[in-house]
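See below for the structure under consideration.
Laboratory data are not the source of any read-out in this text; all were calculated from the coordinates shown. Predicted, not measured: the structure shown is a model, and the values here were computed from it. Every residue, glycine as well, gets a Cβ built from its backbone with ideal geometry; the counts of neighbours run over all protein chains shown.
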Amino acid sequence: MGANEEHLKNLAVRLIEEQRTMTLATAGPQGPWAAPIYYTFLKSTFYFFSDPSSRHIGESLESRQASAAIFAQASSWQDIRGLQMSGVVQAVSVGPTAIKAVSSYLRKFPFTKEFFEPGDLIDPNAFSKRFRVRLYRFKPDLVYYLDNSIKFGFRERVNF
């Protein structure tokens, strides 16, 4: 990986770490759909909780494809920075990966602890029972980094 590629990857990861929400887009018999979700990012994969009966989960699991976007708040065209991605959504089984994802999620969104009793074990099962959600992952297979501060219309593929 060249210096420029590494620099763009670092800019993309910094953007991912700075932001809190990702828009997950799907399509199905009812047409296209987009849903904002809180996420955490581990080993090139986005983890999030969602209702298994939600439209974006049903459509992404059925079609085996989804797209996602993350962007920073921008007040001028020079400030536009973001990611455009396509990939696959999958349910995450209970295990070490799920535990790491929940720990990362709790660090990023510490307010979620307020929904549990002090001393409760907060794991994927606890989230499921409390909110009727399940842990999912979005694994991108194509990622583009956009950044108008580099140049107007800058868009370059990055690999995680």
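Observations
- Helix 3-18 vs. the chain, principal-axis angle (Cα, 0 to 90°, nearest 10): 40
- Only helical runs count toward this figure. For the chain, summing -39,500 (n - 2.57) over DSSP H runs of n ≥ 4 and dividing by all residues gives -9000 deg cm²/dmol at 222 nm.
- Relative contact order %, the stretch 56-160, counting alpha carbon pairs below 8 Å whose residues are six or more apart: 32
- Which listed pairs, of 108/151; 108/139; 9/108; 9/113; 43/108, have C-alpha distances above 24 Å, in listed order: 108/151; 9/113
- Between residue 150 and residue 123, the contour length at 0.36 nm per residue exceeds the alpha carbon distance by 5.6 nm.
- Overall, the stretch 1-157 carries a charge dipole of about 160 debye about its Cα centre when +1 sits on the Cβ of Lys and Arg and -1 on the Cβ of Asp and Glu, all other atoms neutral.
- Förster-model FRET efficiency, 30 Å R0, residue 88 and residue 18, C-beta, rounded to 0.05: 0.75
- A Förster radius of 30 Å, combined with the Cβ-Cβ distance separating residue 27 from residue 157, puts the computed FRET efficiency at roughly 0.85.
- Compared with the direct C-alpha span, the chain from residue 132 to residue 113 gains 5.2 nm at full extension, assuming 0.36 nm per residue.
- Evaluating 6.51 cos²θ - 1.76 cosθ + 1.60 at θ = phi - 60° for every residue in the stretch 22-35, the Karplus couplings come out as 10, 9, 9, 10, 9, 8, x, x, 8, x, x, 8, 9, 9 Hz, glycine and proline recorded as x.
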